[in-house]
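Chemist: Here you go, one structure.
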């Protein structure tokens, strides 16, 4: 069930330095277990359209953060269909405290994606369908991929969240701690501090000051679509999913040709984990972006352009063809 009773202008938030792309329809659909999910469909001016990208966000991201990337994809002749993950952005929160980054079950994310494809993308967008995902969105895509082969032609996954580093506690300590907290009724406790307003110096997300400042400006202007630290339950559910999707058994079940865009200086997901994932992933190809940090779509042009060019070359029907020897850097 979809809800487009509000106008697009009232659903999406534009600022002078981050205007919404043209020709967009925005609204809400009902996700798994009745959760209200905010979505948008951006149409390309290129005729005929070359297909549609389903764009999946990372944790504590929202549609507005991707306006620049959506505009670039539209210029390639691609429509873009995207939505805010449950519990963040303009979608329903899952706890009484709206600042908590929370999920009840990781499978809820996957079910929302399936509903989005069934109710929004299949009826309203243009074939063929591709999937481009970042971080947590890429983890969701990897998890759901064995069931998506009849709908998604190709996937490009940027810095898939299959583990972490650079945090106060190492992952090997966090895993049993968050599992115990989830099992004993303390899964709603937030872990770590609020990192929405981190300084530019030393951040592991991007080396591009302009895009970093633009995103911080969005966080400050639209506090209601951001969330703070994740809960123990969120960490437990996502790390459990990360272990499962990284297994050779699961990766063998994925038949969708997949591009893994792995930034070497990723401050969130260790590069070695992304490299190891590709070794066991028969349908996957690794593109190394030397010098890039976690948020490649928010990075300096020299790194961001590599990611966008790889996506354009990888998607069938677009100009060029993927040559790994030329694309790896």
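Chemist: If you rank 22, 108 by fewest surrounding Cβ atoms within 10 Å, what's the result?
Modeler: Numbers: 22 11, 108 20.
With the sparsest Cβ surroundings first, the list reads 22, 108.
Chemist: In addition: Obtain the nm distance between the two label points defined at residue 99 and residue 309 by a simple spin-label model: each point lies 7 Å from its Cα along the Cα-to-C-beta direction.
Modeler: So the two model labels end up 4.3 nm from each other.
Chemist: Could you check the simple spin-label distance between residue 290 and residue 248, using points 7 Å along Cα→Cβ, in nm with one decimal?
Modeler: Going from the residue 290 label point to the residue 248 one covers 3.0 nm.
Chemist: To continue, here is another question. Under a 10 Å cutoff between Cα atoms, tell me which one of 14, 153, 143 has the largest fluctuation in the Gaussian network model of the chain.
Modeler: The residue that fluctuates most here is 14.
Chemist: Can you work out the FRET efficiency for the pair residue 301 and residue 33, with r the C-beta to C-beta distance and R0 = 41 Å, to the nearest 0.05? Could the numbers behind the result be given before it?
Modeler: On the way: r = 41 Å, r/R0 = 1.01.
The value I calculate is 0.50.
Chemist: Please label the shape of region 235-282 as rounded, prolate or oblate, based on the square roots a ≥ b ≥ c of the eigenvalues of the alpha-carbon gyration tensor (a/c under 1.5 means rounded; beyond that, a/b larger than b/c means prolate, else oblate).
Modeler: Oblate.
Chemist: Can I ask one more? Once you compute Rg and the Kirkwood Rh from C-alpha atoms, what is the Rg to Rh ratio for region 18-138? Working shown, then result.
Modeler: On the way: Rg = 13.9 Å, Rh = 14.4 Å.
Ratio of gyration radius to Kirkwood radius: 0.96.
Chemist: If you rank 273, 113 by fewest surrounding Cβ atoms within 10 Å, what's the result? Present the calculation step by step, with values, prior to reporting the outcome.
Modeler: Working: 273 19, 113 26.
Final ranking by Cβ density, sparse to dense: 273, 113.
Chemist: Hey, another quick one. Provide the gained length on full extension for the span residue 8 to residue 119, in nm with one decimal, where the gain is 0.36 nm per separating residue minus the Cα-Cα distance. Before the final figure, lay out each step's value.
Modeler: Numbers: separation 111, 0.36 × 111 = 39.96 nm, distance 1.82 nm.
Answer, rounded to one decimal: 38.1 nm.
Chemist: Compute the length gained on full extension between residue 219 and residue 15: take 0.36 nm times their separation in residues and subtract their Cα-Cα distance, giving the result in nm to one decimal.
Modeler: 72.2 nm
Chemist: Could you work out which residue, out of 163, 284, 192, moves most in a Gaussian network model of the chain, that is, has the largest mean-square fluctuation with Cα springs under 10 Å?
Modeler: Per the Cα network of the chain with a 10 Å cutoff, 192 tops the list.
Chemist: Just the projected area, averaged over all directions, of the convex hull on the alpha carbon atoms of region 142-246: how many nm²? Mind showing how you got there, number by number?
Modeler: Values: hull surface 35.7 nm².
The directionally averaged projection comes out at 8.9 nm².
Chemist: Between residue 240 and residue 194, what is the spin-label point distance in nm, taking each point 7 Å from the Cα along the Cα→C-beta axis?
Modeler: 2.9
Chemist: Separate question: Hey, fewest Cβ within 10 Å first, where do 234, 183, 79 land in order? Could the numbers behind the result be given before it?
Modeler: Details: 234 27, 183 10, 79 24.
Neighbour counts put them in this order, fewest first: 183, 79, 234.
Chemist: Of all DSSP beta bridges located in region 2-327, what percent are antiparallel, nearest 5?
Modeler: Here the antiparallel bridges make up roughly 35 percent for region 2-327.
Chemist: OK, next. In a solvent-free Debye calculation with one equal scatterer on each Cα, what is log10 I(q)/I(0) for the chain at q = 0.07, 0.11, 0.16 Å⁻¹, listed in the order of the q values?
Modeler: Here the Debye-derived log intensity ratios amount to -0.25, -0.65, -1.58.
Chemist: Right, another one. Show that you can apply the helix-only estimate: for the chain, add -39,500 (n - 2.57) for every DSSP H stretch of four or more residues, divide by all residues, and state [θ] at 222 nm to the nearest 500. Working shown, then result.
Modeler: Details: 11 runs with 106 residues, N = 329.
So the calculated ellipticity at 222 nm is -9500 deg cm²/dmol.
Chemist: Then there's this: Multiplying the sequence separation of residue 127 and residue 265 by 0.36 nm and subtracting their Cα-Cα distance, what value in nm do you get? Write out the running numbers ahead of the final one.
Modeler: Working: separation 138, 0.36 × 138 = 49.68 nm, distance 3.50 nm.
Separation in residues times 0.36 nm, less the Cα-Cα distance, equals 46.2 nm.
Rule-based calculations on the coordinates, nothing more; no lab input. Only a predicted model underlies this, so the values are computations on that prediction, with no experimental measurement involved. Because the Cβ atoms are built from the backbone with ideal geometry, glycine has one as well, and the counts that use them run over all protein chains shown.
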